[in-house]
Each structure stands twice: as structure tokens, then as C-alpha cells.
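First comes the structure, then the notes that go with it.
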Amino acid sequence: MFADFADMSTRSEHHRAELLADAENFRLARLVRKATRSRRREMPQSDPPQPGPAPRNDHAERRYAVSR
């Protein structure tokens, strides 16, 4: 049985490079998730905006025609 060692060596190096790239991608993704979580914890949670005071209607009696 004849084996092309040059081809096998090239394929194994390519496969090794792919595995290293996948491992690096996984490592970077974990770092990003960790940084995102820590940033969320650092940012203060603000209360939802409260509605302002209701507009006052001092002239409610002038709104409707009322006989006096």
C-alpha cells in the first residue's frame, strides 16, 4: 500500500490549523460574553422614566356652559 506522506502531512497541518482556529474563536466568544456580563453589572440600573405631573386644569368650570 502506497501512502502519499506529503499529502497526508499537508492535510494534517490543515486540520490542525482549523482546530486551532475553532479553539481561538471559542475562547474569544467566551471573553466577549464575560465582558458583556460584567459591563451590565457595572452599569447602574435606572428606574423607568416616571410620567411628569398631570397638567392642571384650573379653569375646569369654564370648560362647559353652565347657567348661573
Rounded to two decimals, the Rg over Rh value of the range 1-53 from Cα coordinates and the Kirkwood Rh reads 1.57
Summing +1 per Lys or Arg and -1 per Asp or Glu among the other residues with Cβ less than 14 Å from THR10's Cβ gives -2
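Coordinate-derived values only; no laboratory data. All of these numbers come straight from a predicted model, not from anything done at the bench. Every residue, glycine as well, gets a Cβ built from its backbone with ideal geometry; the counts of neighbours run over all protein chains shown.
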